[in-house]
Amino acid sequence: MVIFVAFAMKFPVYAMGAGICSLGLFPFTWGLQTGMSYTLFADESVLILYLLAFPFLYLVTNRVWQPGFMNLYIALGVLVCTLGVSLAAAPDIFAVRTFLSTFGIGVLLLVLFLQEGSNSNPEETGEFVVWIIVLVAALSLIERVVQRNPFVEHTPLYMSAEFVRINHGAYRPYVSFFHPSETGAVMAVGNPFVLRAWPRRRSLLSLLCVGIVAAAILVNATRGVWVGLFVAALVAVSGVRNARKWLSMLLALAIAAGTSGYLMLRNAPFFQRLSDPTDLYERLHTWVVAAQLLLAHPLFGIGSFNLVKAYVEFTGDSKGGFTADNMFVSTLAETGLLGFVSFVTILALSLALLRRYRKDLAAYGLSVESSFVRCTELALICYIFTGCFADTQSFRKLAKFIFILIGLGLAQGAYVLRSTETRPKAWSGICKRALT
């Protein structure tokens, strides 16, 4: 702890970067059983160490606590409390671990990266985001070729080469994540930062990085990720002149290319998976069951991260309905109306704050800093729409990653505006304007 405090005190950017690297590269199965309800996972060990060192950094250094985010902190506290109450409705060791590892640590990481970023330079920390996404994408492509993962090859949940053969080659990379959808979602939410690096550097290397991430997302073949990226791209260019015209042409071209590809390669495993309606039928059935469970427990839900168990008990079917494949349906059924409203409030408030900071930075002529906040905004939009097709809130790594990105985006605005003479006199005014 003493060594890490000294390191974080002198090099906060590298301390935050080390946390991001550990989150993206350590396999999700590596960890230590603590004998308690919480398992210490290797991918979050650096982040937990940083959280423990966090109070000491403000006691022994000249770091300044960034004010003006009280509304956000209150909303985060309400979120944890409502989810905790729902967790008590159906206590389970797996649910407790998932809750602590996603929302428990995630909320603290948002505060950590917001405060630490506003006292250092979020742009430099964002470089770690870029390279980790590129590295994860490169590993995905390598794994797709060899159809095995040297990091998690002994994991029972891992999709081995034999499993690939049984499924007729419909393979999607895991890399160091729990599920292929989580791999694709992490690359998708980090993609805006990779794209932003290309026009800024104008180098062949940055263009190659964009191509690597694009190829990895393509072979990942997660349809929800593609939808999230498309909506984020739509939002990104919505302010450009004639954006609707270009997007209409792009959509028409994509439909034409997809139709042609399907007609020529309809028997390929990739197109068979995309056109298989079985997945849609199973999701609709799970959503109907989730709605029935919600009606039986409308206020607090059936318990956080308890949908799988409740589904099996309700239907007696232990083979289907593993997840609802929709984070809003899962959150509504598991946490009830209280948890769902607090969860949606956090998403809306974060978007509003990021949008306000982006506009303020652009108004001061700080286009580079504004584009950084824009990337975080697009990452959150991509996360939200990807969550319409996957239980993204139950992915440990992804949940922490999106909290980190939100903290960095807000820190960029706070860091730049605090260091300029044109900063607002009342920081709380940003929160008030965002809420309006």
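The values are calculated or read from the model by the stated rules, or taken from the named source; none is laboratory data. Because the structure is predicted, anything quoted here is derived from the model rather than measured. Neighbour counts are summed over all protein chains in view; Cβ atoms, including those assigned to glycine, are modelled from backbone coordinates with ideal geometry.
Overview of values
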| read-out | value |
| --- | --- |
| Where LEU109 falls short, out of the listed (1) of a type outside the set (Gly, Ala, Ser); (2) at pLDDT 90 or above; (3) touching a Lys or Arg at 6+ places or on another chain (Cβ under 7 Å); (4) more than 25 Å from GLY339 (Cβ to Cβ) | (4) |
| Complete set of residues in the stretch 293-313 that are without any contact (Cβ under 8 Å) to a residue 24 or more places away in the chain and under 26 Å from the mean Cα position of the chain (by Cα) | VAL308 |
| Filter result for LEU234 (modelled with pLDDT of 75 or more and surrounded by 13 or more Cβ atoms within 10 Å (Cβ to Cβ)) | yes |
| Residue in the stretch 181-189 that is touching a Gly at 6+ places or on another chain (Cβ under 6 Å), crowded, with 16+ Cβ neighbours inside 10 Å, modelled with pLDDT of 65 or more and within 18 Å of LYS397 (Cα to Cα) present | yes |
| Residue under evaluation GLY126, criteria (1) small (Gly, Ala, Ser); (2) out of contact with any Lys or Arg (no Cβ under 6 Å at 6 or more places or on another chain); (3) at pLDDT below 90, criterion not met | (3) |
| Residue check for SER45: in a helix (DSSP H, G or I), within 26 Å of HIS179 (Cβ to Cβ) and at pLDDT below 85 | no |
| Helices (runs of 4 or more DSSP H) fully within the stretch 277-385 counting 1 or more residues that are at pLDDT 90 or above, out of contact with any Pro (no Cβ under 8 Å at 6 or more places or on another chain) and not polar (S, T, N, Q) | 327-363 |
| Enumeration of residues in the stretch 383-407 that are within 24 Å of GLU116 (Cβ to Cβ) and out of contact with any Asp or Glu (no Cβ under 9 Å at 6 or more places or on another chain) | TYR383, ALA399, PHE401, ILE402, PHE403, ILE404, LEU405, ILE406 |
| Residue count for the stretch 80-94, restricted to those that are within 20 Å of the chain's Cα centre (by Cα) and either crowded, with 23+ Cβ neighbours inside 10 Å or under 20 Å from TYR415 (Cβ atoms) (or both) | 1 |
| Of all residues making up the stretch 190-211, the number that are surrounded by fewer than 20 Cβ atoms within 10 Å (Cβ to Cβ) and among the β-branched types (Val, Ile, Thr) | 1 |
| Pair list, Cβ under 7 Å, 6 or more apart: the stretch 62-80 residue in contact (Cβ under 8 Å) with a residue 24 or more places away in the chain, other residue in a loop (DSSP other than H, G, I, E, B) | ARG63/ASN119; VAL64/ASN119; PRO67/TRP427; GLY68/TRP427 |
| From MET16, MET70, MET9, residue being modelled with pLDDT of 85 or more, more than 24 Å from ILE346 (Cβ to Cβ) and either touching a Ser or Thr at 6+ places or on another chain (Cβ under 9 Å) or polar (S, T, N, Q) (or both) | MET9 |
| Leading residue by the ranking (nearest to ASN119 (Cα to Cα)) among those in the stretch 48-60 that are modelled with pLDDT of 90 or more and surrounded by 15 or more Cβ atoms within 10 Å (Cβ to Cβ) | PHE54 |
| For GLN33: the one exception among (1) modelled with pLDDT of 85 or more; (2) surrounded by fewer than 17 Cβ atoms within 10 Å (Cβ to Cβ) | (1) |
| Top-ranked residue of the stretch 219-231 - restricted to ones that are among the β-branched types (Val, Ile, Thr) and buried (at least 22 other Cβ atoms within 10 Å of the Cβ), ranked as farthest from ALA379 (Cα to Cα) | THR222 |
| Positions within the stretch 143-176 being surrounded by 15 or more Cβ atoms within 10 Å (Cβ to Cβ) and either at pLDDT 90 or above or in a helix (DSSP H, G or I) (or both), in sequence order | GLU143, ARG144, VAL164 |
| Filter result (buried (at least 16 other Cβ atoms within 10 Å of the Cβ) and either small (Gly, Ala, Ser) or at pLDDT 75 or above (or both)) within the stretch 237-250 | none |
| Qualifying position, being assigned to a helix (DSSP H, G or I) and not small (Gly, Ala, Ser), among LEU87, LEU32 | LEU87 |
| Subset tally (residues that are among the hydrophobic types (A, V, I, L, M, F, W, C), closer than 25 Å to VAL46 by Cβ and in a helix (DSSP H, G or I)) for the stretch 68-82 | 4 |
| Failed item, numbered, when LEU332 is tested on (1) of a type outside the set (Lys, Arg); (2) in contact with a helix residue (DSSP H, G or I) (Cβ under 8 Å, 6 or more places away or on another chain); (3) farther than 16 Å from LEU83 by Cβ | (3) |
| Residues of the stretch 103-133 that turn out to be surrounded by 24 or more Cβ atoms within 10 Å (Cβ to Cβ) and among the β-branched types (Val, Ile, Thr), as a count | 3 |
